[in-house]
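A.B. asks: Can you keep this structure in mind? I'll have questions shortly.
The values are calculated or read from the model by the stated rules, or taken from the named source; none is laboratory data. No experiment lies behind these values; they were computed from the predicted model shown. So basically every Cβ, Gly included, is an ideal-geometry build from the backbone, and we count neighbours across all protein chains shown.
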Amino acid sequence: MTNLGPLPDGGRVVIVGGGPGGVGTALALHETARRTGRKIDIILLEGKHFAGGKQHNLSVGVLSPPLFQIMEEQLGTPFPWHLSHVEISGYILHSASNQVILNDSGQRAVAVRRVQFDDWMLRTARERGIDVREARAVDIDFHDDGVVLYTDRDPVEADVVVGAFGLDDGCAAFFRRAVGYRQPPALTSILTRYHPGDQEMAAFGNYIHAFLPGYGGIEFGAITPKGDHIDINIAGRRVGAASLKYFLAQPEVRAVLPSFQNAGRYDRTDLRFFKGRFPNSLAGRYYGDRYVMVGDAAGLVRAFKGKGVTSAVQTGIRAAETILRTGISCHAFASDFAVANHDITGDLIYGRGMRFLVAFSAYFGLLDPVVRAAGQDEHVREALFGAVSAHAPYRNVLVEMVNPQSVKAVMRAMRRRGDESGTQGVQ
């Protein structure tokens with residue numbers, strides 16, 4: 001086998017997928033090569049056509065720190081603030097009978113239309129001189145001296161391939177045949193849109209309404225302002241259209257959308273359901289000799305809430321650094337890329353713990369007192385903000401939730417609820 005050390009001058013990388021992970025990898029390769037005076041070929045394959053906004057993307061499109069700084073400092077490109085529809089002020093977390101406002105005290109997240117953001121990313125790659133090709137990968141062969149990637153147009157030969165294809169089943173299938181890759185476990189997401197009109201959008205405000213319902217297999221739901229419309233989505237292991245209809249019928253959800261029953265005001269594109277998936281754990285064999293997966297394809301996302309764009313760009317940058325600094329062998333990716341991503345992989349067990357804690361609390365009716373306690377206790381409030389925003393590691397969230405002060409606050413809220421119920425019974 002030929003040398004699998006750092007990619008030499010004249011080496012070629014082919015990237016499968018033109019979303020944030022793929023473009024992030026390409027820009028990081030380009031920027032690092034430029035800084036170190038190296039010349040490499042970068043080919044980026046994307047079969048979808050984002051220009052014109054016709055391609056639908058199932059992501060809600062809430063982008064948050066540290067993405068803005070990462071793009072500026074590591075990719076050498078400013079964040080496209082002009083694409084922002086709404087600056088998110090924070091979250092309003094709802095239980096069946098209570099709610100709490102969770103304000104964002106740091107740099108705020110922004111809501112964008114993902115198809116526009118992805119189009120901007122691809123145009124930025126082209127402007128840097130990266131070879132972006134509109135083609136779909138259909139198969140792959142690995143040889144001692146390189147990789148051949150077959151597409152629906154011309155084949156591409158390269159030294160190493162980066163998989164940034166998300167949860168695309170077609171790409172996953174030919175990587176499975178070639179190297180034994182296994183797609184990551186995933187949750188299902190159902191999304192719809194609602195256009196209530198300018199007056200109601202202004203009244204709705206800039207908060208994301210978050211729900212941890214614990215019914216119908218729904219692990220969480222969200223209602224997100226997007227400028228001229230609202231995105232409504234739910235996620236769970238086996239949710240479908242019926243689950244979203246059930247969610248929309250709940251009193252706490254309808255209270256957030258007061259004119260939802262007024263069918264005459266629907267936009268013609270309203271309440272069409274779209275189904276997608278996002279990973280909640282690692283893929284199998286997501287790196288090896290001459291290949292590495294990034295972002296969703298690797299399962300390198302936050303286990304409970306995703307935060308997929310930031311993770312995709314971060315892992316793309318780390319893959320680029322490994323390719324140019326350490327090598328393109330399985331050993332190089334294991335010793336460098338995998339270690340660099342420990343902030344994500346090391347938090348997966350805590351994310352699963354968070355999912356269990358939420359499901360347990362919902363089943364035993366504990367979410368109401370937790371939300372009530374958050375209104376009075378800063379530790380509970382910070383933990384809930386970390387849980388719904390995915391800004392903080394889930395290890396920190398769980399530590400905040402189980403510290404003695406938080407537990408006491410929840411117990412006090414439970415006692416108050418019991419006292420109120422007893423008083424009502426006497427009356």
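A.B. asks: Among the candidates Ala26, Ala33, single out the residue that is over 21 Å from the mean Cα position of the chain (by Cα) and closer than 30 Å to Phe174 by Cβ. Break it down stepwise before answering.
C.D. replies: Numbers: Ala26 fails: over 21 Å from the mean Cα position of the chain (by Cα).
Every option except Ala33 fails the conditions.
A.B. asks: Determine if region 36-47 includes at least one residue that is in contact with a Pro (Cβ under 9 Å, 6 or more places away or on another chain) and aliphatic (A, V, I, L, M). Walk me through how you get there before you give the answer.
C.D. replies: Our first condition is that a residue be in contact with a Pro (Cβ under 9 Å, 6 or more places away or on another chain); within region 36-47, this holds for 38, 40.
Adding the requirement that they be aliphatic (A, V, I, L, M) leaves 40.
Yes, region 36-47 contains at least one residue that is in contact with a Pro (Cβ under 9 Å, 6 or more places away or on another chain) and aliphatic (A, V, I, L, M).
A.B. asks: With the checklist (1) part of a helix (DSSP H, G or I); (2) at pLDDT below 95 in hand, flag the one item Ala172 doesn't pass.
C.D. replies: For Ala172, the failing item is (2).
A.B. asks: Limited to region 272-292, what total is found for residues that are modelled with pLDDT of 95 or more, touching a Lys or Arg at 6+ places or on another chain (Cβ under 9 Å) and either surrounded by 23 or more Cβ atoms within 10 Å (Cβ to Cβ) or not in a strand (DSSP E or B) (or both)?
C.D. replies: 3
A.B. asks: Something else now. Kindly evaluate Gln376 against the criterion of being at pLDDT 85 or above and surrounded by fewer than 18 Cβ atoms within 10 Å (Cβ to Cβ). Spell out the reasoning first.
C.D. replies: Numbers: at pLDDT 85 or above: yes; surrounded by fewer than 18 Cβ atoms within 10 Å (Cβ to Cβ): yes.
It is true that Gln376 is at pLDDT 85 or above and surrounded by fewer than 18 Cβ atoms within 10 Å (Cβ to Cβ).
A.B. asks: What single numbered condition from (1) modelled with pLDDT of 95 or more; (2) closer than 25 Å to Gly351 by Cα fails to hold for Pro155?
C.D. replies: (2)
A.B. asks: For region 172-193, what are the residues that are under 22 Å from the mean Cα position of the chain (by Cα) and not polar (S, T, N, Q)? Steps first, please.
C.D. replies: Filtering region 172-193 down to residues under 22 Å from the mean Cα position of the chain (by Cα) leaves 172, 181-193.
Scanning region 172-193 gives Ala172, Tyr181, Arg182, Pro184, Pro185, Ala186, Leu187, Ile190, Leu191, Arg193.
A.B. asks: Quick check on this structure: which one of Gly284, Gly353 is in contact with a Pro (Cβ under 9 Å, 6 or more places away or on another chain), farther than 21 Å from Ile42 by Cβ and of a type in the set (Gly, Ala, Ser)? Spell out how you get there, then give the answer.
C.D. replies: Values: Gly353 fails: in contact with a Pro (Cβ under 9 Å, 6 or more places away or on another chain).
Being in contact with a Pro (Cβ under 9 Å, 6 or more places away or on another chain), farther than 21 Å from Ile42 by Cβ and of a type in the set (Gly, Ala, Ser) holds for just one of Gly284, Gly353, which is Gly284.
A.B. asks: Give region 224-242 a look and list any residue that's out of contact with any Gly (no Cβ under 7 Å at 6 or more places or on another chain) and hydrophobic (A, V, I, L, M, F, W, C), or say none.
C.D. replies: Result: Ile230, Ile232, Ala235, Ala241, Ala242.
A.B. asks: Working only within region 199-226, note down all residues that are part of a loop (DSSP other than H, G, I, E, B), over 19 Å from the mean Cα position of the chain (by Cα) and modelled with pLDDT of 90 or more. If you could, list the steps in order and put the result at the bottom.
C.D. replies: Residues of region 199-226 part of a loop (DSSP other than H, G, I, E, B): 205-206, 212-219, 226.
The next check asks that each one be over 19 Å from the mean Cα position of the chain (by Cα); those that pass are 205-206, 213-217.
Those that are part of a loop (DSSP other than H, G, I, E, B), over 19 Å from the mean Cα position of the chain (by Cα) and modelled with pLDDT of 90 or more: Gly205, Asn206.
A.B. asks: Given the conditions (1) of a type outside the set (Gly, Ala, Ser); (2) assigned to a loop (DSSP other than H, G, I, E, B); (3) within 23 Å of Gly351 (Cα to Cα), and given that Pro196 satisfies all but one, which numbered condition is not satisfied?
C.D. replies: Of everything listed in (1) of a type outside the set (Gly, Ala, Ser); (2) assigned to a loop (DSSP other than H, G, I, E, B); (3) within 23 Å of Gly351 (Cα to Cα), Pro196 misses just condition (3).
A.B. asks: In region 293-304, how many are modelled with pLDDT of 95 or more and farther than 14 Å from Gln314 by Cα?
C.D. replies: 0
A.B. asks: Let me ask something else about it. Which of the residues belonging to region 85-99 are modelled with pLDDT of 90 or more, crowded, with 19+ Cβ neighbours inside 10 Å and outside any strand (DSSP E or B)?
C.D. replies: Ile88
A.B. asks: Within region 9-66, take every residue that is polar (S, T, N, Q) and surrounded by fewer than 22 Cβ atoms within 10 Å (Cβ to Cβ) and give me the one that is modelled with the highest pLDDT.
C.D. replies: Step one: filter region 9-66 for residues polar (S, T, N, Q), giving 25, 32, 36, 55, 57, 59, 64.
Going one step further and asking which of them are surrounded by fewer than 22 Cβ atoms within 10 Å (Cβ to Cβ), we end up with 32, 36, 55, 57, 64.
On the way: Thr32: 94, Thr36: 90, Gln55: 55, Asn57: 59, Ser64: 87.
Result: Thr32.
A.B. asks: Let me ask you something else. Please go through (1) part of a helix (DSSP H, G or I); (2) assigned by TED's automatic domain parsing to the domain that holds Ile42 for Gly129 and return the number of the only condition it doesn't satisfy.
C.D. replies: (1)
A.B. asks: I need the full set of residues from region 345-387 which are touching a residue at least 40 places away in the same chain (Cβ under 8 Å), small (Gly, Ala, Ser) and in a helix (DSSP H, G or I), in order please.
C.D. replies: If the condition is that a residue be touching a residue at least 40 places away in the same chain (Cβ under 8 Å), small (Gly, Ala, Ser) and in a helix (DSSP H, G or I), then Gly351, Gly353, Ala359, Ser361, Ala362, Ala373, Ala374, Ala387 are the ones that fit.
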